[in-house]
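Here the structure is laid out as structure tokens; the discussion comes afterwards.
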């Protein structure tokens with residue numbers, strides 16, 4: 001019971017001290033603004049279909065409004081017709097910019113500048129309306145001509161959900177960044193305790209295991225909080241600015257990302273802690289953590305270059321089961337929408353088993369090294385030293 | 001009662017502890033002395049399980065020390081360590097809670113100790129903003145916040161100015177009067193003599209002298225002979241003496257314990273008029289130098 005209390009106190013200290021630190025507040029606000037801003041920017045650049053207002057005056061052909069609508073829809077623009085009482089007022093409205101163009105009678109199109117999109121749309125629509133009027137005059141049913149029946153389109157490539165792919169990419173990048181960032185916090189936190197010797201003071205009143213567990217849990221909670229804020233920011237900004245139609249898997253991906261963050265963080269953070277415990281000076285820390293960092297980057301690149309393009313291939317399915325890759329690959333596959341539940345659960349079980357192994361391994365290296373003075377220790381030395389300190 | 005017995009520890013080829021033992025009783029202050037590298041710090045760390053001993057036993061109240069017992073200990077490590085960015089009061093009370101205090105008790109005790117150590121107005125400063133001496137006071141507060149039954153201080157006086165030394169001495173005495181067991185190491189031997197009741201001197205991992213200050217002094221193999229001649233020009237040296245110093249007619253020697261003081265006085269009188277004469281047990285610093293042979 002006592003070790004649970006001290007683990008809690010260590011975690012509480014980590015979380016509250018760091019949450020108040022400028023680094024955490026700035027990075028949370030900055031990332032939140034960055035994600036929200038990016039989405040707003042995308043929404044601003046890609047505002048969807050352009051829209052035009054068109055004046056209609058005089059004796060225009062009967063089906064003109066319907067024709068304009070058909071042609072505009074086909075060109076992916078919105079055209080809004082406004083009826084003017086006479087040709088002059090319609091012409092003036094174009095001249096002063098109240099409307100983008102005007103159709104007068106059945107033979108005149110007024111535009112501000114020649115060669116615009118709206119000119120093409122209106123001339124096509126007017127021609128079509130005149131054609132239908134003439135057919136009508138010849139006694140042909142215009143409805144039968146206007147609706148030539150359905151046409152089926154067959155695509156040779158399988159259908160692709162682009163927004164799912166985009167979300168999967170974003171998920172991989174985000175999870176890699178957050179896991180690595182908070183893993184580095186653990187690295188620096190352990191180093192700080194060792195280099196300032198505060199570890200002696202703390203461990204004299206608790207155990208190295210409680211200190212390690214509390215540190216990883218405390219920093220993990222901060223990472224989880226920041227990730228949740230970022231995801232919430234992205235989902236809210238996305239729906240406010242209509243930047244993208246939220247793919248159906250959005251909420252599932254968001255929830256799964258948090259779960260997989262915890263697994264990925266647990267896996268990497270204890271390795272970072274073990275690496276940091278081996279050194280006493282900050283100059284040595286990054287070198288000691290290099291193998292862990294490389295592992296992370298390699299997993300990230302594999303997830304981006306192998307799993308993402310072909311999520312359903314056998315290679316992708318096998319690779320994403322590997323514990324270092326799983327935490328960033330599975331949320332992406334869930335985002336794309338191809339991961340069966342049994343595979344997700346299998347990936348989680350494998351990762352959790354790996355975490356148990358890694359925690360035991362790393363905790364032992366940490367226990368053997370954290371109290372040693374002097375220079376850089378080798379993992380094997382620390383492993384041997386820890387046998388003697390087993391009681392702690 | 002704290003009892004360290006037959007401690008053994010090697011670091012590769014270096015022998016840190018080679019059978020040393022220390023006994024510290026409730027309400028008493030034990031000075032733990034020895035040259036650099038004698039094994040003092042290793043022995044102190046073993047009380048907190050911070051070092052894996054090759055042999056020996058460490059017991060508190062007759063039982064091996066476990067995590068629960070350690071919560072009643074206070075420790076000031078040789079390498080001082082505090083979280084540099086954490087605020088003083090938050091840090092001290094957090095350490096109090098880590099040793100089992102409630103939040104309220106820890107906060108109250110922190111305020112009291114910081115006040116007593118003259119840090120009341122620095123409670124909300126970051127530790128890194130404090131001077132070295134003040135950080136040392138915070139360190140002491142951190143080891144005292146839970147009013148421990150055993151206080152282990154590794155070189156508590158190093159780096160303190162005379163006012164700091166007095167404050168530290170007062171705290172140590174007060175805690176001992178309250179019934180706590182106190183062990184501290186130091187190189188300032190005259191200071192140790194003034195504060196401690198018991199003393200243990202170790203060298204190369206072994207105990208070379210131990211006992212109460214009085215026992216150690218009276219039991220020392222030598223006596224200190226001080227002779228002051230009225231005429232500073234007088235030169236005199238008995239055969240069986242080891243000269244300590246000679247200055248303006250004042251002579252100090254170490255002589256065998258069983259020597260006859262009257263014989264020295266009459267011999268000195270033959271050399272010149274004696275203005276002052278004393279034959280006493282040696283001081284702790286002299287015992288220390290003789291014991292470690294350096």
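The values are calculated or read from the model by the stated rules, or taken from the named source; none is laboratory data. Model, not experiment: these values are computed from the prediction. A quick note on method: Cβ atoms are made from the backbone with ideal geometry, for glycine too, and the neighbour counts reach across all protein chains shown.
Below are the figures for this structure:
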read-out: Single unsatisfied condition, residue B:209 versus (1) out of contact with any strand residue (DSSP E or B) (no Cβ under 6 Å at 6 or more places or on another chain); (2) at pLDDT below 90; (3) closer than 26 Å to residue B:61 by Cα; value: (1)
read-out: Selection within the range B:15-65 - buried (at least 17 other Cβ atoms within 10 Å of the Cβ), without any contact (Cβ under 8 Å) to a residue 60 or more places away in the chain and in contact with a helix residue (DSSP H, G or I) (Cβ under 9 Å, 6 or more places away or on another chain); value: B:45, B:49, B:50, B:51, B:52, B:53, B:56, B:58, B:65
read-out: Unique match (being over 30 Å from residue B:134 (Cβ atoms), in the same structural domain as residue B:183 (by TED's automatic domain parsing) and outside any strand (DSSP E or B)) among B:52, B:16; value: B:52
read-out: So residue A:353, is it more than 30 Å from residue A:194 (Cβ to Cβ), part of a helix (DSSP H, G or I) and modelled with pLDDT of 90 or more; value: no
read-out: Criterion: touching a residue at least 12 places away in the same chain (Cβ under 8 Å) and within 14 Å of chain B (Cβ to nearest Cβ) - qualifying residue of A:354, A:293, A:369, A:289; value: A:369
read-out: Candidates B:32, B:48 - the one that is within 14 Å of chain A (Cβ to nearest Cβ) and closer than 29 Å to residue B:188 by Cβ; value: B:48
read-out: Within the range A:372-387, considering residues that are within 12 Å of another protein chain (Cβ to nearest Cβ), assigned to a helix (DSSP H, G or I) and exposed (fewer than 15 other Cβ atoms within 10 Å of the Cβ), the one modelled with the lowest pLDDT; value: A:387
read-out: Qualifying residue in the range B:169-187 (condition: at pLDDT below 90, assigned to a helix (DSSP H, G or I) and assigned by TED's automatic domain parsing to the domain that holds residue B:39); value: no
read-out: Qualifying positions in the range B:190-206 - surrounded by fewer than 19 Cβ atoms within 10 Å (Cβ to Cβ) and more than 14 Å from the chain's Cα centre (by Cα); value: B:204, B:206
read-out: Checklist (1) touching a residue at least 60 places away in the same chain (Cβ under 8 Å); (2) surrounded by 14 or more Cβ atoms within 10 Å (Cβ to Cβ); (3) in contact with a helix residue (DSSP H, G or I) (Cβ under 8 Å, 6 or more places away or on another chain) applied to residue B:225, failing item; value: (1)
read-out: Residues within the range B:278-293 that are in contact with a strand residue (DSSP E or B) (Cβ under 9 Å, 6 or more places away or on another chain) and surrounded by fewer than 16 Cβ atoms within 10 Å (Cβ to Cβ), tallied; value: 4
read-out: Qualifying position, being more than 14 Å from chain B (Cβ to nearest Cβ) and surrounded by 22 or more Cβ atoms within 10 Å (Cβ to Cβ), among A:183, A:218, A:214; value: A:183
read-out: Flag for residue B:78 being within 11 Å of chain A (Cβ to nearest Cβ), under 25 Å from residue B:189 (Cβ atoms), touching a residue at least 12 places away in the same chain (Cβ under 8 Å) and surrounded by fewer than 22 Cβ atoms within 10 Å (Cβ to Cβ); value: yes
read-out: Test for residue A:4: is it loosely packed, with under 12 Cβ neighbours inside 10 Å and at pLDDT 85 or above; value: yes
read-out: Failed criterion for residue B:203 (all others in (1) without any contact (Cβ under 8 Å) to a residue 40 or more places away in the chain; (2) in the same structural domain as residue B:45 (by TED's automatic domain parsing) hold); value: (1)
read-out: Of all residues making up the range B:71-86, the number that are over 18 Å from residue A:5 (Cβ atoms) and touching a strand residue (DSSP E or B) at 6+ places or on another chain (Cβ under 8 Å); value: 8
read-out: Which listed residue is loosely packed, with under 15 Cβ neighbours inside 10 Å and either over 20 Å from the mean Cα position of the chain (by Cα) or assigned to a helix (DSSP H, G or I) (or both), from A:316, A:305, A:299; value: A:305
read-out: Selection from the range A:97-129 of residues that are more than 45 Å from the chain's Cα centre (by Cα) and closer than 14 Å to residue A:53 by Cβ; value: A:103, A:110
read-out: Test: residue B:89 is out of contact with any strand residue (DSSP E or B) (no Cβ under 6 Å at 6 or more places or on another chain), within 7 Å of chain A (Cβ to nearest Cβ) and either within 26 Å of residue A:16 (Cβ to Cβ) or touching a residue at least 60 places away in the same chain (Cβ under 8 Å) (or both); value: no
read-out: Wholly within the range B:188-294, helices (runs of 4 or more DSSP H) carrying at least 3 residues that are closer than 23 Å to residue B:4 by Cα; value: B:189-195, B:213-218, B:284-292
read-out: Residue in the range A:229-249 that is assigned to a helix (DSSP H, G or I), at pLDDT 90 or above and out of contact with any helix residue (DSSP H, G or I) (no Cβ under 7 Å at 6 or more places or on another chain) present; value: no
read-out: Among (1) farther than 16 Å from residue A:7 by Cα; (2) within 14 Å of chain B (Cβ to nearest Cβ), the one test that residue A:263 misses; value: (2)
read-out: Residue under evaluation residue B:77, criteria (1) modelled with pLDDT of 95 or more; (2) within 19 Å of residue A:199 (Cβ to Cβ), criterion not met; value: (1)
read-out: Filter result for residue A:279 (part of a loop (DSSP other than H, G, I, E, B) and more than 14 Å from every other protein chain (Cβ to nearest Cβ)); value: yes
read-out: Residues of the range B:103-115 classified as away from every other protein chain (no Cβ under 13 Å) and in contact with a helix residue (DSSP H, G or I) (Cβ under 8 Å, 6 or more places away or on another chain), total; value: 7
read-out: Number of the exception - residue B:68 against (1) in a helix (DSSP H, G or I); (2) closer than 19 Å to residue B:176 by Cβ; (3) out of contact with any helix residue (DSSP H, G or I) (no Cβ under 6 Å at 6 or more places or on another chain); value: (2)
read-out: Only listed residue being assigned to a loop (DSSP other than H, G, I, E, B), more than 14 Å from chain A (Cβ to nearest Cβ), farther than 22 Å from residue B:183 by Cα and modelled with pLDDT under 95, chosen from B:100, B:118; value: B:118
